[in-house]
Amino acid sequence: MKSFLQHGLLILIVVLFYACSAETETHTIETPALDLEMTGPLFQGPNTATATWEYSLKELFPQSGNEIDIEDVRITTIKISPKDGIDYPELGKVIMEMKPKNSGMSRIALLESNFDTTKTNLLSIAEIQEDFDEAFEDERLTFVADFDMISEEYFDDLSFGLVVTFEIEIEK
């Protein structure tokens, strides 16, 4: 009798779990190529570059109808590329953060080696990515990169290409 009750309780818990969990689908969303801008003069040490991406959830997920319920958001890749025709100073490590419109800034990635001005640089993504679903619902994200400048000074503005890829899980 006791075993029968234990099995019955277990079955009830499993049924309730599946009844309460919604079906989801995962989408890969990539930002358009953003301009990551740094305003000169720049000096040795950390210098900040920013890029803002504004988007519409309805345009990103047109098949979802009027209500889009985001369950989870993860950043999978961040690429920073030098632009043609710019003579870059020597740059070191890069720390990348993300600032949603309505909440606090979060560290999202790091380039541990010196920035290579001859090719696209792939940053290491932070393992802990909390509350990105709420941040993504803001429909506006500002990316903030702190470049460690090794050169002593550089007087012009600098621009880089930035592409961020997200995996977004939404309710069906």
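The values are calculated or read from the model by the stated rules, or taken from the named source; none is laboratory data. Note that the structure is a prediction, hence the values are computed from the model and not measured. Note that we place each Cβ from the backbone using ideal geometry, even for glycine, and neighbour counts take in every protein chain shown.
Things worth noting here:
- Here ASN102 clears all of (1) out of contact with any Leu (no Cβ under 6 Å at 6 or more places or on another chain); (2) part of a loop (DSSP other than H, G, I, E, B); (3) modelled with pLDDT of 95 or more except the condition numbered (3).
- Summed over segment 49-75, the residues that are free of Cβ contacts under 8 Å to residues at least 24 places away in the same chain and of a type in the set (D, E, K, R) give a count of 3.
- Matching residues in segment 47-85 - criterion: being outside any strand (DSSP E or B) and in contact with a Leu (Cβ under 7 Å, 6 or more places away or on another chain): ILE68
- Among the residues listed as LYS99, LYS93, the single one being under 16 Å from PHE166 (Cβ atoms) and either basic (Lys, Arg) or without any contact (Cβ under 8 Å) to a residue 12 or more places away in the chain (or both): LYS99
- VAL73 modelled with pLDDT of 95 or more and either in contact with a helix residue (DSSP H, G or I) (Cβ under 7 Å, 6 or more places away or on another chain) or over 22 Å from PHE61 (Cα atoms) (or both): yes
- The set of residues in segment 155-164 that are over 19 Å from the mean Cα position of the chain (by Cα) and more than 16 Å from PHE115 (Cα to Cα) comprises PHE155, ASP156, ASP157.
- Number of residues in segment 45-101 that are small (Gly, Ala, Ser) and within 13 Å of the chain's Cα centre (by Cα): the value is 1.
- The residue that is farthest from ASP72 (Cα to Cα), among those in segment 22-46 that are of a type in the set (A, V, I, L, M) and in a strand (DSSP E or B), is LEU42.
- Pairs, first free of Cβ contacts under 8 Å to residues at least 60 places away in the same chain in segment 116-128, second in a loop (DSSP other than H, G, I, E, B) and of a type outside the set (A, V, I, L, M, F, W, C), C-beta under 7 Å, six or more apart: THR117/TYR88; SER124/GLU112
- Among the residues of segment 54-86, those that are within 23 Å of GLU127 (Cβ to Cβ) and of a type outside the set (Ser, Thr, Tyr) comprise ILE70, GLU71, ASP72, VAL73, ARG74, ILE75, ILE78, LYS79, ILE80.
- Enumeration of residues in segment 105-136 that are more than 23 Å from ASP72 (Cα to Cα) and part of a loop (DSSP other than H, G, I, E, B): GLU112, SER113, ASN114, PHE115, ASP116, THR117, THR118, LYS119, THR120
- Options ILE86, ILE80, ILE75, ILE95: the member that is aliphatic (A, V, I, L, M) and within 17 Å of PHE132 (Cβ to Cβ): ILE75
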